[in-house]
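The values are calculated or read from the model by the stated rules, or taken from the named source; none is laboratory data. In this text the structure is predicted, and so the values were computed from the model without any measurement. As a convention, Cβ positions derive from the backbone with ideal geometry for all residues, glycine included, and neighbour counts pool all protein chains shown. Accessible surface is based on the protein model in full, side chains and every heavy atom, while ligands, DNA and RNA are left aside. Shrake-Rupley method; radii C 1.70, N 1.55, O 1.52, S 1.80 Å.
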Number of protein chains: 2
Amino acid sequence: MNRPAGAPVTIGAMERSSTTPGGSARREATRQKLYEAAVTLIAEQGFSATTVDEIAERAGVAKGTVYYNFASKSVLFEELLRHGVGLLTASLREAAERTALEGGSKVDALDAMVRAGLVFIDRYPAFTQLYVAELWRTNRAWQSTLMVVRQQAVAVVEDVLREGVAAGEFSEEIDVPLTAAALVGMVLVAALDWKSFQPERSLDDVHAALSRLLQGRVSGRG
Amino acid sequence: MNRPAGAPVTIGAMERSSTTPGGSARREATRQKLYEAAVTLIAEQGFSATTVDEIAERAGVAKGTVYYNFASKSVLFEELLRHGVGLLTASLREAAERTALEGGSKVDALDAMVRAGLVFIDRYPAFTQLYVAELWRTNRAWQSTLMVVRQQAVAVVEDVLREGVAAGEFSEEIDVPLTAAALVGMVLVAALDWKSFQPERSLDDVHAALSRLLQGRVSGRG
DNA sequence: ACTTTTGGACTGACCAGTCAGTTCAAAAGA
DNA sequence: TCTTTTGAACTGACTGGTCAGTCCAAAAGT
């Protein structure tokens, strides 16, 4: 059975993955189903504990199809990573640019990126979880893929920080890479906790709390 | 070494680590070796990808010994988690109390806890990595252990925040649980990035950068 | 016509957990 | 003092099961 027309696809929507130049529409749809199945299972159980048979079954596809579309289990996973982080960076960059066009400050840009990050995690919690679980591992096959992909995402934040320093909006003494990592961590962990332990809260609510922290409006009475 | 003659196997559970009521010194040493071997391997490869044979080999012990000391691979892992987080929470609490005794403000207490967190991660990077990788997973055997252990750690931060609000030092509008999670995330991710990508930097250096962020000294020149 | 998917049997490696047997230092006995 | 016994701790070969990856002829889709 095919997916109903127009039904949204999990990590999908990004056309023409760089890894697959000449895929037919049908093939692309199968890949999407496999991504969708794999992302949840791996987020729940981890890569090694997830079997190819499970992925195929959840995707409603034969095992042979998995190997027709991906060279191996690891390759499937790597392409999933690239795909997901591509979406995230695009979204972050877009948020920063939009703020710039509207004449906002760099703090506004950071705030917009915090929100973009929350929106992403809200939409793809399983992907985020899986990404965090793998990011700092060593000795794994997809190590280099992860490094590249991490740098892409963090670089967007670093760029905004550097621009803020250049424009005199941020102190020249801030440590750009480390501050960027800390900001990403702040959003990542707060959002994962939100999704895991207080999923009923609204995005606006969470965003407001993080904004306050970001803008140093923590000290002093209300 | 066998138990000394007549040494009482006290029923009162105040003695020894909670996980090992009546461990001999030899046994305790073996367990320690197994923890050390397991923590690195699992941090590098993940739980499922790490075999019991590997753990035994790295610990310099026969496979049977693993099962003599722990009921299963999962149980070994759970006790490892409890052990590690116990160390962390003790350290965080100690930092907060020390600051309080010295008459520091609540921001000082947070700052001291940030440093304690960094010291911990500096000393046990593998444990931290493994912890982060497992924390938000669902459907796993040690799920409940993780929840308990997470709450212990975050609660220390939450307590300081609440005290700060009560004392009028922090705004009454801050969202305590979420802000605590965000602060933990800030330190966690910054520290893991430090260890993974710039391990040559000093702890003081990293701490200074995070302090600046914590105290909102990011905006403005110099 | 050509591409993609199916289904499911098969292989070979790998691995968690078991268990009969070994080790050895301290306790008991002589 | 010397010998024997005890049993906790440890060993490692073995078992039963699992899983990634292969193969391929037939069917379905475009």
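Listing for the model above:
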quantity: Residues satisfying the stated conditions in segment B:36-63, i.e. within 13 Å of DNA strand D (Cβ to nearest atom) and open to solvent by 50 Å² or more (accessible area, probe 1.4 Å); calculated: B:51, B:53, B:57, B:58, B:60, B:62, B:63
quantity: Condition met for residue B:73 (within 14 Å of chain A (Cβ to nearest Cβ), more than 22 Å from residue A:136 (Cα to Cα) and either in contact with a helix residue (DSSP H, G or I) (Cβ under 6 Å, 6 or more places away or on another chain) or within 12 Å of DNA strand C (Cβ to nearest atom) (or both)); calculated: yes
quantity: Residue A:148 vs. criteria outside the structural domain of residue A:46 (by TED's automatic domain parsing), touching a Pro at 6+ places or on another chain (Cβ under 8 Å) and not aromatic (Phe, Trp, Tyr); calculated: no
quantity: Unmet criterion (only one of (1) open to solvent by less than 40 Å² (accessible area, probe 1.4 Å); (2) not assigned by TED's automatic domain parsing to the domain that holds residue B:186) for residue B:112; calculated: (2)
quantity: Hits in segment B:166-192 (condition: facing chain A (nearest Cβ under 7 Å), open to solvent by less than 20 Å² (accessible area, probe 1.4 Å) and part of a helix (DSSP H, G or I)); calculated: B:178, B:179, B:181, B:182, B:185, B:186, B:189, B:190, B:192
quantity: Single residue of B:138, B:128 found to be open to solvent by 40 Å² or more (accessible area, probe 1.4 Å) and either within 24 Å of residue B:75 (Cα to Cα) or in contact with a helix residue (DSSP H, G or I) (Cβ under 6 Å, 6 or more places away or on another chain) (or both); calculated: B:138
